[in-house]
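Below: the structure, in structure tokens.
The values are calculated or read from the model by the stated rules, or taken from the named source; none is laboratory data. Everything numeric here is computed off the predicted structure, so don't read it as measured data. Virtual Cβ from ideal backbone geometry, glycine too; neighbours counted across all protein chains shown. Remember, those area values only see protein heavy atoms, side chains included, never the ligands or the DNA or RNA. Shrake-Rupley method; radii C 1.70, N 1.55, O 1.52, S 1.80 Å.
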Amino acid sequence: MSTELQQKIHNQMWTIATILKEKKWSGDLMLLVLAFIFYKYLSEKIECYVNKKRTEKKSTFKEAWVSYEKELRCYIKESCIRDLGYFIEPEYLYSSIMEMVGKNENMLPALERSLRKIEYSAIGEESENSLNGLFADINLASPKLGKTTGDKNESISNMLRIINNIDLGLREIQDPDIGGDAYEYLISQFAADTEKKDVEFYTPQEVSQVLAEIVTAGKTKIDSIYDPTCGSGSLLLRAAKAGNADKIFGQEKDPGIYNLCRMNVLFHGINYKKFDIRNTDTLETNSFGDRQFDAIVAHPPFSVNWDTYGKWNDERFSNPGILAPKSKADYAFILHMIHHLSDNGTLVCIAPHGVLFREASEGKIRRFLIEEKNCIDAVIGLPANLFYGTGIPVCILVIKKCRKDNEDVLFIDASKEFEKVKIQNKLNQKHIDKITGTYRNRTTIEKYSYCASLQEIKDNDYNLTIPRYVNTFEEEEKIDTHAVINEIRGLEAKKTELEKQIEASLKALEAISR
């Protein structure tokens, strides 16, 4: 990877993020910008692909297309759809739209057609599910873009001019990580400034790194990886890269974020044959049936309501003999993931601390997972204020089906080790290495980590609250009582002397007034 080019693109994305903030564009307009950047990426990728295929290099793809016979055009289109999953005719490329922008023309109808043409090119093809409805949430008639058609055209033209300055690196070097990482950076800026209160669609990169390193610990290659609440795909992509995954799978409930996830995956250069992302509610629709995965990562929404109607007939949730409470779906997500975990796989998910200690039905589920399934491998406490939209401290649960009988459970309290960056807490590389190294080696570190036996956990009534196992209590410095008493006596003497001076002054003032 070209470090210089990577930094250049990162700086360009930072400039765009700054402009977005200055203009105070709302979340849906930021999604619009992300979609237009993706459109530019798809256009440039097609041009690079076709130019690489062509033997005649003197003309551009646009110029050559005019002179091509119908048979040759069909061949090029079929090759693009087979290898890339889509096709864009020259008149619908990003650069063609920019020509209209340069002439101050109303390019909105042409832009609308261009986005739809990309989707339509995959209909009936193997790539259809990966591109179908990709730009469905793009509303070029949004009143937030302006009152009149002219206002809207000007707003979008300005967006496209800004985006046109970005060099995605496709022409210089074919490295998807360059543009993909920069694209993800812009998504993180969108997440930081979104009006959504609970921003589960994006997991901060340093937290994603921790989960990715743990879920792939001891493995150089994984067959499949799954995220049941994949959001923008940032966590899934990082874990897939760490494990050199053959194929990635995900589910996302929100249609707009689902589309953003597919864009993010494609932007990272992952072929449409290598991923399967579904726009479904994980708890309502078991999209992948009984399929099991080598690795599962997730950042589910915290303690949301869920519909328990009919769930007794769903083996994903009913095995513990009790359902997760209607008002807190945390264990419903966890049980769903365990259902899809292969016998030798690893599941790593983020959860609120309540899953460690809450009683009633959750307490019974927790006991079932520890006592009967013996699948809780580690509990890791993270610092507060790591995530956008919520300041609560969270934990990481590591779950495995292949644990040995009486194998201990590792507890790590990493809640006090972080770096303060403005109003947000961050994990730096030192913090990440300590967490992941402690997990891999299962070491006991005073006031940081401890390996608890199953008997100890049973003695604690299956409560997994971290301070029960990792003693982080700091003894207060011993007080020298004699020194304190002497200091108090000295202060009292000073007080007495001061009172005498005040009394003398008052008497003097009284004498003068007479």
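Considering Asp290, Asp294, the condition of being of a type in the set (Asp, Glu), open to solvent by 40 Å² or more (accessible area, probe 1.4 Å) and assigned to a loop (DSSP other than H, G, I, E, B) is satisfied by Asp290 alone. Restricting attention to segment 435-449, and to residues there that are open to solvent by less than 70 Å² (accessible area, probe 1.4 Å) and not polar (S, T, N, Q), which single residue is farthest from Lys420 (Cα to Cα)? So, considering only residues that are open to solvent by less than 70 Å² (accessible area, probe 1.4 Å) and not polar (S, T, N, Q), the one farthest from Lys420 (Cα to Cα) is Arg442. Please tell me if Ile88 is assigned to a loop (DSSP other than H, G, I, E, B) and open to solvent by 70 Å² or more (accessible area, probe 1.4 Å). Spelling it out, it is not the case that Ile88 is assigned to a loop (DSSP other than H, G, I, E, B) and open to solvent by 70 Å² or more (accessible area, probe 1.4 Å). Contact annotation: residue pairs with Cβ atoms under 7 Å, 6 or more positions apart or on different chains, pairing a residue in segment 146-171 that is without any contact (Cβ under 8 Å) to a residue 24 or more places away in the chain with a partner that is open to solvent by 50 Å² or more (accessible area, probe 1.4 Å) and of a type outside the set (Gly, Ala, Ser), are Gly146/Glu154.
Within segment 312-339, the set of residues being surrounded by fewer than 17 Cβ atoms within 10 Å (Cβ to Cβ) and over 23 Å from Ile225 (Cα atoms) comprises Trp312, Asn313, Ser318, Asn319, Gly321, Lys326, Ser327. Could you tell me which residue of segment 208-218 is modelled with the lowest pLDDT, considering only residues that are open to solvent by 20 Å² or more (accessible area, probe 1.4 Å) and part of a loop (DSSP other than H, G, I, E, B)? Out of the qualifying residues, it is Gly218. With respect to (1) of a type in the set (D, E, K, R); (2) under 18 Å from the mean Cα position of the chain (by Cα); (3) in a helix (DSSP H, G or I), the lone exception for Arg316 is condition (2).
When segment 257-274 is limited to residues that are aliphatic (A, V, I, L, M) and outside any loop (DSSP other than H, G, I, E, B), the one that is surrounded by the most Cβ atoms within 10 Å (Cβ to Cβ) turns out to be Leu266. Within segment 409-422, the set of residues being of a type outside the set (S, T, N, Q), assigned to a loop (DSSP other than H, G, I, E, B) and in contact (Cβ under 8 Å) with a residue 24 or more places away in the chain comprises Ala414, Lys416, Glu417, Phe418. Here the strands (runs of 3 or more DSSP E) wholly within segment 340-404 that include at least 2 residues being open to solvent by 10 Å² or more (accessible area, probe 1.4 Å) are 341-352.
Yes or no: Glu63 within 29 Å of Cys261 (Cβ to Cβ) and either in contact with a helix residue (DSSP H, G or I) (Cβ under 9 Å, 6 or more places away or on another chain) or touching a residue at least 40 places away in the same chain (Cβ under 8 Å) (or both)? Considered against the rule, which asks whether it is within 29 Å of Cys261 (Cβ to Cβ) and either in contact with a helix residue (DSSP H, G or I) (Cβ under 9 Å, 6 or more places away or on another chain) or touching a residue at least 40 places away in the same chain (Cβ under 8 Å) (or both), Glu63 comes out as no.
The residue of segment 93-124 that is least open to solvent (accessible area, probe 1.4 Å), among those that are assigned to a helix (DSSP H, G or I), farther than 20 Å from Ser155 by Cα and not charged (D, E, K, R), is Ile118. Suppose the filter is modelled with pLDDT under 95, closer than 21 Å to Met30 by Cβ and among the basic types (Lys, Arg); does Lys221 pass it? Against the criterion (modelled with pLDDT under 95, closer than 21 Å to Met30 by Cβ and among the basic types (Lys, Arg)), Lys221 does not qualify. Got at least one residue in segment 228-247 being modelled with pLDDT under 80, aliphatic (A, V, I, L, M), open to solvent by 40 Å² or more (accessible area, probe 1.4 Å) and assigned to a helix (DSSP H, G or I)? Looking through segment 228-247, none of the residues is modelled with pLDDT under 80, aliphatic (A, V, I, L, M), open to solvent by 40 Å² or more (accessible area, probe 1.4 Å) and assigned to a helix (DSSP H, G or I). Entry remark, segment 125-174: residues being aliphatic (A, V, I, L, M), within 22 Å of Glu105 (Cβ to Cβ) and either at pLDDT 95 or above or assigned to a helix (DSSP H, G or I) (or both) number 6 in total.
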